[in-house]
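Some notes on the structure that comes next.
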Amino acid sequence: MSNKIDLNSLPPQQLIEFRKNIDSEIQHFTQSLQALQTAQSKLKDCISTIDNVENSKQENLLVPLTSSLYIPGKILKRNEYLVDIGTGYYVEKSAKDSKVVYDKKIKKLDVDSKKLKDILIQKNELLNGINLILRRKVLEMEKEQEQQSGDTK
């Protein structure tokens, strides 16, 4: 059972605090979405690398040890790859099966990305609603102050 709060009944200070919380949630979800998109990109790179190795006639290649350090290597088995299946476990798979694993991961990340995008849309709509209510309340307060200062003259 969820409790719904009428935002119109909240004082401006509480609305400002609520808006700050929504802003931080939006920032968190946006960073999470970017991380998912980065992971998807890396998985797509894995698939294209498999395709490049499969289509290449060369036996020699450079093997990355870090982002800027490589050692020379040689392809011994062109159709066998060690695929990271999670938590440090690797399984030997064919090119076709390796791409299936990566495609499944990409699709899972795609579903998660869509969920996050939906949440972001909801949070942004809520933020826009809060901003409208806050603007209206500020205008009402200014009007009241003008009336009070007009009454004292």
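Tabulated data
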| item | result |
| --- | --- |
| Out of VAL53, VAL63, VAL91, sole residue that is over 30 Å from HIS28 (Cα atoms) and touching a Gly at 6+ places or on another chain (Cβ under 6 Å) | VAL63 |
| Filter result for LEU61 (out of contact with any strand residue (DSSP E or B) (no Cβ under 8 Å at 6 or more places or on another chain) and among the aliphatic types (A, V, I, L, M)) | no |
| Scan of region 21-62 for residues that are β-branched (Val, Ile, Thr) and closer than 18 Å to GLY73 by Cβ, ordered by number | THR49, ILE50, VAL53 |
| Pairs with Cβ under 7 Å, 6+ apart, first in region 106-118 and under 17 Å from LYS44 (Cβ atoms) and surrounded by 13 or more Cβ atoms within 10 Å (Cβ to Cβ), second among the basic types (Lys, Arg) and modelled with pLDDT of 95 or more | ILE106/LYS44 |
| Residue match in region 120-132 (condition: exposed (fewer than 13 other Cβ atoms within 10 Å of the Cβ), over 23 Å from the mean Cα position of the chain (by Cα), over 27 Å from SER48 (Cα atoms) and without any contact (Cβ under 8 Å) to a residue 12 or more places away in the chain) | yes |
| Hits in region 89-98 - residues which are closer than 13 Å to VAL53 by Cβ and part of a strand (DSSP E or B) | SER94 |
| Some residue of region 21-41 being charged (D, E, K, R) and under 30 Å from MET141 (Cβ atoms) | yes |
| Residue ID - nearest to LYS42 (Cα to Cα), chosen from residues in region 69-88 that are surrounded by fewer than 10 Cβ atoms within 10 Å (Cβ to Cβ) and modelled with pLDDT under 95 | GLY86 |
| Any hit, region 40-54, residues being assigned to a helix (DSSP H, G or I), touching a Ser or Thr at 6+ places or on another chain (Cβ under 8 Å), within 22 Å of LYS105 (Cα to Cα) and touching a residue at least 60 places away in the same chain (Cβ under 8 Å) | yes |
| Residues satisfying the stated conditions in region 14-37, i.e. in contact (Cβ under 8 Å) with a residue 24 or more places away in the chain, farther than 14 Å from ASN131 by Cβ and more than 8 Å from the chain's Cα centre (by Cα) | GLU25 |
| VAL101 vs. criteria part of a strand (DSSP E or B) and surrounded by 13 or more Cβ atoms within 10 Å (Cβ to Cβ) | no |
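The values are calculated or read from the model by the stated rules, or taken from the named source; none is laboratory data. Note that the structure is predicted; figures quoted are calculated from it, not measured. Heads up, the Cβs are rebuilt from the backbone with ideal geometry, glycines too, and the neighbour counts pull from every protein chain shown.
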